[in-house]
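Chemist: This is the structure I want to talk about, given as structure tokens.
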Amino acid sequence: QKEVEQDPGPLSVPEGAIVSLNCTYSNSAFQYFMWYRQYSRKGPELLMYTYSSGNKEDGRFTAQVDKSSKYISLFIRDSQPSDSATYLCAMTGTASKLTFGTGTRLQVTL
Amino acid sequence: DGGITQSPKYLFRKEGQNVTLSCEQNLNHDAMYWYRQDPGQGLRLIYYSQIVNDFQKGDIAEGYSVSREKKESFPLTVTSAQKNPTAFYLCASSIGRWGYNEQFFGPGTRLTVL
């Protein structure tokens, strides 16, 4: 079993829809949770960063962490075609390397 | 502009050849990383370096080698011992040594073995 599980998709939604992307994990030592966005044939870029449990909002993006369920989510409101990309979750403990999910490919259609 | 550059963007290798992928950063970051990305497998850590003249193996180091002679440079050599080297290679850097520091990624090098 992988430490981090993420549905690879693809996930196709119409423009304006609310998108929900999720990851589950098994390592209870993880405390730092990130979402990276990767456009095709490009390097990933950090989108959201959350420490421990709770919610964090930035514009149209909301990250949620539920440590009791070992479950994290990224919500995208009013999705745009420019949001079409692969979204990677990543997480780590205090003094260890970053562990990535496999990524979910999102397509927002007009 | 500050950032990470990788070269070349595309690289073709014949079987049995060693090739070196370049990674340079001007962010003054201490830590640098090399990842490999394959379809359906996410990013897997090959090597990382937390300081000049020091580096550690990641999860899939076999068949790869690195050096860190300068703070801004972290080249990766894919040797002939790497059995399946065709992949997308990403270099990253972070200001601090541990994973909770934001990692900044380069644009990647796509390596194809002919």
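Chemist: Looking at residue A:1 and the list (1) free of Cβ contacts under 8 Å to residues at least 60 places away in the same chain; (2) assigned to a loop (DSSP other than H, G, I, E, B); (3) within 14 Å of chain B (Cβ to nearest Cβ); (4) of a type outside the set (D, E, K, R), which single condition is not satisfied?
Modeler: The number of the failed condition is (3).
Chemist: Taking only segment A:23-40 into account, find how many residues are farther than 16 Å from residue A:77 by Cβ and either more than 13 Å from every other protein chain (Cβ to nearest Cβ) or part of a strand (DSSP E or B) (or both).
Modeler: Selection size over segment A:23-40: 10.
Chemist: Do the conditions hold for residue A:9, that is, is it away from chain B (no Cβ under 14 Å), on the phi > 0 side of the Ramachandran plot, in contact with a Ser or Thr (Cβ under 7 Å, 6 or more places away or on another chain) and surrounded by fewer than 17 Cβ atoms within 10 Å (Cβ to Cβ)?
Modeler: It is false that residue A:9 is away from chain B (no Cβ under 14 Å), on the phi > 0 side of the Ramachandran plot, in contact with a Ser or Thr (Cβ under 7 Å, 6 or more places away or on another chain) and surrounded by fewer than 17 Cβ atoms within 10 Å (Cβ to Cβ).
Chemist: For residue A:43, all conditions in the list (1) within 14 Å of chain B (Cβ to nearest Cβ); (2) under 15 Å from the mean Cα position of the chain (by Cα); (3) crowded, with 17+ Cβ neighbours inside 10 Å hold save one; what is the number of the exception?
Modeler: (2)
Chemist: Restricting the first residue to segment A:95-110 and requiring it to be farther than 15 Å from residue A:8 by Cα and more than 11 Å from chain B (Cβ to nearest Cβ), which pairs with a second residue that is among the aliphatic types (A, V, I, L, M) and surrounded by 15 or more Cβ atoms within 10 Å (Cβ to Cβ) meet a Cβ separation below 6 Å and a spacing of at least six or different chains?
Modeler: A:108/A:13
Chemist: Please count how many residues of segment B:50-88 are of a type in the set (S, T, N, Q), more than 15 Å from residue B:36 (Cα to Cα) and in contact with a strand residue (DSSP E or B) (Cβ under 8 Å, 6 or more places away or on another chain).
Modeler: Qualifying residue count for the region: 4.
Chemist: Please tell me if residue A:79 is assigned to a loop (DSSP other than H, G, I, E, B), of a type in the set (Gly, Ala, Ser) and loosely packed, with under 13 Cβ neighbours inside 10 Å.
Modeler: Spelling it out, it is not the case that residue A:79 is assigned to a loop (DSSP other than H, G, I, E, B), of a type in the set (Gly, Ala, Ser) and loosely packed, with under 13 Cβ neighbours inside 10 Å.
Chemist: Go over the candidates B:88, B:55 one by one and state the one that is closer than 23 Å to residue A:41 by Cβ, surrounded by 15 or more Cβ atoms within 10 Å (Cβ to Cβ) and free of Cβ contacts under 8 Å to residues at least 60 places away in the same chain.
Modeler: B:88
Chemist: For segment B:95-107, what are the residues that are out of contact with any Phe, Trp or Tyr (no Cβ under 9 Å at 6 or more places or on another chain) and assigned to a strand (DSSP E or B)?
Modeler: Answer for segment B:95-107, where residues must be out of contact with any Phe, Trp or Tyr (no Cβ under 9 Å at 6 or more places or on another chain) and assigned to a strand (DSSP E or B): just B:104.
Chemist: Looking at residue A:51, is it touching a residue at least 24 places away in the same chain (Cβ under 8 Å) and within 12 Å of chain B (Cβ to nearest Cβ)?
Modeler: no
Chemist: A further question follows. Would you be able to say whether some residue in segment A:47-68 is surrounded by fewer than 19 Cβ atoms within 10 Å (Cβ to Cβ), assigned to a loop (DSSP other than H, G, I, E, B) and among the aliphatic types (A, V, I, L, M)?
Modeler: no
Chemist: Those residues that are buried (at least 17 other Cβ atoms within 10 Å of the Cβ) and either acidic (Asp, Glu) or in contact with a Phe, Trp or Tyr (Cβ under 6 Å, 6 or more places away or on another chain) (or both), I need them from segment B:62-71; list them, please.
Modeler: B:66, B:68
Chemist: To continue, here is another question. At least 3 residues that are on the phi < 0 side of the Ramachandran plot and within 14 Å of another protein chain (Cβ to nearest Cβ) in each: list the strands (runs of 3 or more DSSP E) lying fully within segment B:1-94 that qualify.
Modeler: In segment B:1-94, the matching strands (runs of 3 or more DSSP E) lie at B:4-7, B:19-25, B:31-38, B:42-51, B:54-57, B:87-94.
Chemist: Can you say whether residue B:4 is under 17 Å from residue A:36 (Cβ atoms), surrounded by 16 or more Cβ atoms within 10 Å (Cβ to Cβ) and hydrophobic (A, V, I, L, M, F, W, C), as far as the supplied structure shows?
Modeler: yes
Every read-out reported here was derived from the displayed coordinates using simple, explicitly stated rules and does not represent laboratory data. A quick note: this is a predicted structure, and the numbers were derived from the prediction, not measured. Note that we place each Cβ from the backbone using ideal geometry, even for glycine, and neighbour counts take in every protein chain shown.
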